[in-house]
Amino acid sequence: MNKLSLKSFKGAKYNPRRITAQELGALDKSIREFGDLSGVVLNRTTDTIISGHQRITTFKGKKTKIVTEPAKDNYGTVAIGHIVVASDDGVIHVPLRVVEWDLRKEKLANIAANNHGGEFDNQKLGKLLADLNTDQFDIESTGFSIHEVNNLVRKADEDPGDKYVRTLASPIYKIRGNKPSFKQMHDTTKADAVRDKIKAAGFDAETRRFLLEAAGRLVEFNFSNIAEFYAHADKKTQVLMEELALVIVDADRAIELGYLTLTKEIAGLVKGAKVEIAKEKVKKQEASAISKSKKAAIKTDKLKAKKKVKK
């Protein structure tokens, strides 16, 4: 066989699979984060399959042999090889990659691998994303946007068997382009027009000042450019931008500051959950007190019985 070169590879014009620029970017980010997740990928740390579950399932009842050799790269790979699968139809070789990752990275990679084929169990996926949400990670490396993640988490919260409200995912801000100018981040056209009217109206000083400050509500913000500016900014500027809710880096903190509002339904669930927890705690305390009382009574009866025997 002649030496192969990617330059000679031709894309199939009839390929029915399409991909948007955003999805292609997410795929590229996934590869740069986890390496290639096609074929079968096994995490040696936990002996868990990361990708290739369905392939492995088709191997049942067939003769298999695993062939690997040590390998090392920047993505946690420790071995590469293939699984030899023999059946009446012939022999196939399925690519195998072995990695050493912690459980958090294993779960993230599993989501990324599944996002490029097959269908998700959205209930399980939402709960998995919510569980992972306690750690800061680049959501887009899984192939999902922050909007998609929050929707999945919310839908998972609708499970009647799990009424505890989960934390919303918070985005990770990274430099993706040039630092935007101030004009690119906001438009004051409407606010300025109203301010001109206020200045010309002849209000008293206090009213004038109040209305001029209120006109700031008409400033239109470009949050995409603001996020880019935030990624370029120094820590002091970032902290102030967070306090002004120009970016959200901690959903719980944003709720605490009043920038995100819980719906009455969710608030009710939280309150109800707290009440149920309190009731359960009281029940346990009562049960514990009764148990201690019974043990004390039994101990007293035994002592009385021993005294009678001695007499």
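Helices (runs of 4 or more DSSP H) fully within the stretch 167-248 that include at least 2 residues being modelled with pLDDT under 90: 223-232, 235-243. Filtering the stretch 178-236 to residues that are among the aliphatic types (A, V, I, L, M) and more than 14 Å from residue 246 (Cα to Cα) leaves 191, 193, 194, 198, 200, 201, 205, 211, 212, 214, 215, 218. Looking across the stretch 1-52, the residues that are over 24 Å from residue 148 (Cβ atoms) and of a type in the set (Phe, Trp, Tyr) come down to 9, 14.
Out of the residues in the stretch 59-77 meeting the condition of being part of a strand (DSSP E or B) and not hydroxyl-bearing (Ser, Thr, Tyr), tell me which one is surrounded by the most Cβ atoms within 10 Å (Cβ to Cβ). Checking each candidate, the answer is 66.
The set of residues in the stretch 38-53 that are more than 12 Å from residue 94 (Cβ to Cβ) and part of a loop (DSSP other than H, G, I, E, B) comprises 44, 45, 46, 47. Only one residue in 56, 80, 31 is under 21 Å from residue 106 (Cβ atoms) and in a strand (DSSP E or B). Which one? Every option except 80 fails the conditions.
The values are calculated or read from the model by the stated rules, or taken from the named source; none is laboratory data. All of these numbers come straight from a predicted model, not from anything done at the bench. Cβ coordinates were reconstructed from backbone atoms using ideal geometry, including for glycine residues, and neighbour counts include every protein chain displayed.
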